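Throughout, read-outs are computed from the coordinates displayed, never taken from laboratory work. Fair warning: this is a prediction, and the values are worked out from it, not measured in the lab. Here the Cβ positions follow ideal geometry from the backbone for every residue, glycine too, while neighbour counts run over all protein chains shown.
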Amino acid sequence: MHRDEIPPGTLYLLILKTLARTGEMHGYEIANSIQRISEDVLQVEEGSLYPALQRMLIKGWVTAKWGTTTGNRRARYYQLTAAGRKQLSVEMSQFERVIGAITRVIEAV
Amino acid sequence: MEWLRELARRFRMLVHRREFDADLEEEMRLHLELRQEEQLQSGMAADEARAAARRRFGNTTYLKEESHFAWGWEWFENFLMDVRYGLRMLRKAPGFSAVAVLTIALGIGATTAIFSVVDGTLLHALPYPEPEQLVSIEDELPGVGARDVGMNEPEWQDLERSGIFEYVSPAWFDENNLTGAPQPTRVRLLIVAPNYFALLGVQPQLGRAFNREDHSPGLLTEVLISDGLWKRSFGGDPHVLEKSVRIDTDLYRIVGVMRPGFDAPGRTAEERNVEIWAATSFYGAPMVDHPPRYRRNLPTAIARLKPGLTIAEAQSRVDALVAALQKEFPVDYPARNAWTVRLVPLKERLVGNVRQSLVLLLGAVGSVLLIGCVNVANLLLARASARGREMAIRQALGAARSRLTRQLLTESVVLSVLGGIAGLAVLFSLKGFLLRILPGNLPRLNEVSISWSVLLFALGASFVAGAIFGLAPALHAGRLDITHALKQEGRGSTGSGQRARTRRALVVTEFALSLVLMIAASLLLQSFRDLLNARLGFNPENVMSVRTRLPEPNDTAIDKYKTAPQEAPFLREVLRRGATLPGVEEAAIGDSASIPLDQSQRELNLIADGQFFFTLEGRDIQSDQPPVAERSRVTPGYFHLLEIPLQRGRLFNELDNEETPAVAVINEAFARTYWPKEDPLGRRFKSTRTGSPWIAVVGVIANARTESLAEGEVPQVYLDLYQTGAKRLAIFLRGHLDAGAIPGEVRQEVESVDPTLPVFDAQTLKETVAASLAARRFSMEMITVFALTALLLASLGIYGVISYIVSERTHEIGIRIALGATRGNILGTVLLQGLQLAIAGAVVGLVGALIVSHLMAGLLYGVRPTDPLTFVGVAILLMGVALLASCLPARRAMRVDPMCALRDA
């Protein structure tokens, strides 16, 4: 199965969007969710979620608290903050602008 | 505010960083386990499942580090690690650590001590609200060469109304007799305007200040007293405010007691330690009623600028005012006087005199610290060669060069801060002692303390020192050649060529600095010695002076000593009684100006009695500024008692009295200045004060350095005390005196003549002479101590470097000896190396010393700042020390056994 590297700089966007959709998740769930929804196309080097999550914690986009999984194990759940929601819309519009521009360039005749 | 919250989150992470790491670890583990379980369920073997999970996850260690670094604290954690490592390294080399820490402790301790004085006196703002608005008003007549001539009541009113100042207050320092307390005391009194305390912005601790609106004529009948006087003379009595006291027989009511530690902003210690403040609007008896403008009877004035006005702005407005006044009163302000009014920051008036000495001291002690740093740098370099392999291994294992440099720098800063702390500890324990050795007339002495700024300075100095001496070894570590270092067996002493060059450069610096200090010290020493050996022209041996003072009541009706004839019986009686005291062979009385070399009274003499301006008979008055001379009033026995020889004419005698014409004895300098080609005997002059009689010169005495040790030719004139009278008196006694008993005995005798008179300031003349040198002695002694320390450190430095060079070259020396070099050759080579360093240091140092000695020219006496003998002498001395210090290692080199040296290598 062929998997594509995610475009650089979009990891935050993916995490933010995932959390926005589902409320709260732990790291493993986030990784799985991204993979599932992208229909296994987007491959995240799973470990790299964690440094990204740390940076998002510093920025105050997400908060983390410990909880238990359905399998009754301790896991750290991440949740979007108001600042995170705002950041999501910033990243979204930025992404759309870039994609739009790229599309225009490659579709130009 | 978002960045603040972010900072808070980062800080929380720093505090709980172990927890954070554990959380991260657990989180990642969970992730891996869940993935592994998923793979297992899809039918993979256990090993394979784990490997796959790991593959998808990535490099755990790297990711953990990334996550950790994201918080941005790794520099701090590295720093902590380096500090811990540094401390461990220091413990491992206790000898080295002790020497280094002690050197730095000495340097930081001494530098901080001097800095605390500089901080308290020069840097701190004055302890009044908005101190930058406070100025001293100084009138000058540069056209006739007169400085600080004071002002008068009309000018004060002009300034008050000018709109430039919030308040202006003249300040008139005087001494008075205080009676009403158990013992009559002499008190230091400051006569000010009623707005004085409002001007300074201070409140008394008890009672109230003057009513600043009170402009009634004459002196107010209210006074404020100092905390010291309150405790001393009134036992700290809380009901003191209801008391009345007699000051020079006039009655005053005490309305306030100032706070402890409140000093008047004056130039000398006497002017600062005011004990009583009296107020007046400077008109109406006993003041001169609205005096003419050319009479400058108010010695000094201070003022507070209007808020928002800078000194420069105020100065230009004052200049305009002065110009307008000169136009309005052309007779009082002749153009050739070039009258100017200068606004000087009040702090400058207080500390201007000591700035040069203090800055010199700080420079000297800073140099000692720097030399100490250089020594420690040398020690560190020596150790660095021993640690060469350690550094090479660390680099081989992947340590970045910058990281190694940082680690070594941290180690030296740790060392230096330890030294700084040790230095401060010593400073704290010696605080009392150190404060005692400061000269007592240092301004703002009570503000000298180990304050926060001083602590901050010590900390900063430690950091800087650590960075300075750590820099060379740290940079060298960065430039290490790994392969070369690792190949070397045993002592991995590589890069030694370069390191040796650095060490030599350091020693040269050290020598240059020491030379500068040594030259500064020896110039000061010579100045001091010359001053001590100056031919005094009088004999201070076995002489004591005791002071008393006659009251000057404002109410002349109650003045017992109004005229000279009224005073004469008192003088005669005190002299008669004084001569009968045990051990006394001779007695004389003079005014306070007649006490030789008495510094404490100088300003007061000028203020209270004024300078003695006079005109010569038969001489055209050439300028408005008449000649001025030092004037003393003495009884006939004064000259014989002090052994000042008569050159021509006669001294005063019993036939001179109030009935006979006024006579004067002058010194040779006076004769030479005013009658250079004529016989001064019989010539006449008179004071410029209206109604003064002509005074005839009857005798010429030899010059004596009674005014200043540094000046041998000051024109001086002596008047007969019986003819002139004086209020501020000094009783001189010569003989085999019991210095402990005399003050009491004199007090008894004076009191039996007049029980209201204070008796104070008993001193042997030798003490007075020594006191006049106290400030000079202090800077001379300090600089000498610093210079000797510097010399010691520098010789240790050169010893270290030469030893190092010898041990590095043992192998080579062995070969040379084996090839037939004589021991003498070897000795010569090694000594030459030491000498080369010393010469290089001396050349650099001589240039530095030339600059420094010119800057301190004002502190020198009798010796030129470029005295060649001093420069050459000190340079030779330093080279001698360098040779001596090189001798020990040179002898070791000489005794190298070629067999051993070659086998060991």
To the nearest 10 degrees, the tilt of helix B:774-808 (Cα long axis) against the first principal axis of the alpha carbons of chain B is 20
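What ranking do B:Ile519, A:Ile58 get, fewest neighbouring Cβ atoms within 10 angstrom at the top? It would help to have the intermediate numbers written out before the result.
Numbers: B:Ile519 26, A:Ile58 16.
Result, fewest neighbours first: A:Ile58, B:Ile519.
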Which whole-number percent gives the relative contact order of segment B:2-72, counting Cα pairs below 8 Å spaced six or more residues apart? 35
Using the number of other C-beta atoms within 10 angstrom as an exposure proxy, rank B:Leu430, B:Leu655 with the fewest first. B:Leu655, B:Leu430
Near the amide H of B:Ile302, under 5 Å away, which other amide H atoms are found, from residues 5 or more places off or on another chain, if H is placed in the peptide plane? B:Ile137, B:Ser169, B:Ala171
So for chain B, Kirkwood radius off the Cα pairs, Stokes-Einstein at 20 °C and 1.002 mPa s: how many µm² s⁻¹? 64
Under the rule that an exposed site lies in a DSSP loop and has at most 15 other Cβ atoms within 10 Å, name the longest stretch of chain B with no chymotrypsin sites (Phe, Trp or Tyr not before Pro) of that kind, not counting the sites themselves. B:295-693
Residues with amide H under 5 Å of B:Ala264's amide H, sequence separation 5 or more or different chain, H placed in the peptide plane at 1.01 Å from N; which? B:Val274
Just flag the trypsin sites (Lys or Arg not before Pro) in segment B:1-91 sitting in loop per DSSP whose Cβ has no more than 11 other Cβ atoms within 10 Å. none
Within 10 Å of each Cβ in peptide B:6-15, how many partner chain Cβ atoms are there on average? Round it to a whole number, please. 1
Taking R0 as 45 Å, what's the FRET efficiency between B:Ala338 and B:His736 from their Cβ-Cβ distance, rounded to 0.05? 0.25
Among beta bridges that DSSP assigns inside chain B, antiparallel share in %, nearest 5: 80
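Which loop trypsin sites (Lys or Arg not before Pro) in segment A:1-104, with loop taken from DSSP, have no more than 15 other Cβ atoms within 10 angstrom of their Cβ? All intermediate terms of the calculation are to be shown ahead of the outcome.
On the way: sites: A:Arg3, A:Lys17, A:Arg21, A:Arg36, A:Arg55, A:Lys59, A:Lys65, A:Arg73, A:Arg74, A:Arg76, A:Arg85, A:Lys86, A:Arg97, A:Arg104; in loops: A:Arg3, A:Arg73.
Taking segment A:1-104 and a limit of 15 other Cβ atoms within 10 Å, the loop trypsin sites (Lys or Arg not before Pro) found are A:Arg3, A:Arg73.
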Per residue of A:51-61, what is the mean number of Cβ atoms on other protein chains within 10 angstrom of that residue's Cβ? 5
Restricting to DSSP H runs of at least four residues, report the calculated mean residue ellipticity at 222 nm for chain B, -39500 (n - 2.57) per run over all residues, nearest 500 deg cm²/dmol. -17000 deg cm²/dmol
Share of antiparallel DSSP beta bridges in the protein assembly as shown, in percent to the nearest 5? 80
Under the Karplus relation with 6.51, -1.76 and 1.60 and θ = phi - 60°, whole-Hz ³J(HN,Hα) for segment B:218-233, x at Gly and Pro, equal x, 7, 5, 8, 10, 9, 10, 10, 7, 4, x, 5, 4, 6, 6, 9
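Can you say what percent of the DSSP beta bridges in chain A, counting only those with both residues inside, are antiparallel? Round to 5. Intermediate results must be reported in sequence, preceding the final value.
Working: 10 of 12 bridges.
Expressed as a percentage, antiparallel bridges in chain A total about 85.
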Would you mind checking which residues have amide H under 5 Å from B:Arg705's amide H? H placed 1.01 Å from N; only 5 or more apart, or other chain. B:Gly537, B:Phe538
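Relative contact order of segment B:142-338: what whole-number percent is it, with Cα pairs under 8 angstrom and at least 6 residues apart? Before the final figure, lay out the partial values.
Details: 368 pairs, mean separation 63.3, N = 197.
With pairs under 8 Å counted, the relative contact order is 32 percent.
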Just to check I understand the Karplus step: with θ = phi - 60° and J = 6.51 cos²θ - 1.76 cosθ + 1.60, what whole-Hz values come out for segment B:854-862, glycine and proline as x? 5, 5, 9, 3, x, 8, 9, 9, x
What does the C-alpha gyration tensor say about the overall shape of the protein assembly as shown? Classify as rounded when a/c is under 1.5, otherwise prolate if a/b is larger than b/c, or oblate. prolate
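Rounded, prolate or oblate: which fits segment B:2-72 when a ≥ b ≥ c are the square roots of the eigenvalues of the alpha-carbon gyration tensor, with rounded for a/c under 1.5 and prolate only if a/b beats b/c?
Since a/c reaches 1.5 and a/b is larger than b/c, the shape of segment B:2-72 is classed as prolate.
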I'd like the Karplus ³J(HN,Hα) series for segment B:737-745: coefficients 6.51, -1.76, 1.60, θ = phi - 60°, whole numbers in Hz, and an x wherever there's a Gly or Pro. 9, 8, 4, x, 8, 3, x, x, 5
Normalised by the number of residues in chain B, what is the relative contact order in percent for Cα pairs under 8 Å and 6+ residues apart? 15
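How would segment B:219-372 be classified by its alpha-carbon gyration tensor: rounded, prolate or oblate, with rounded meaning a/c under 1.5 and the a/b versus b/c comparison settling the rest? Mind showing how you got there, number by number?
Numbers: a/c = 2.45, a/b = 1.04, b/c = 2.36.
The shape class here is oblate.
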Starting from the Cα coordinates of segment B:551-756, work out the convex hull volume and express it per residue in Å³. 142
Once the Cα atoms of segment B:668-747 are picked out, what are the Rg and Dmax in Å? 16.9, 49
Over all alpha-carbon pairs in segment A:4-107, figure out the percentage whose distance exceeds 25 Å. 21
Name the residue farthest towards the positive end of the dipole of segment B:12-73 from the options B:Ala49, B:Met13, B:Trp71, assuming +1 on Cβ of Lys and Arg, -1 on Cβ of Asp and Glu, about the Cα centre. B:Trp71
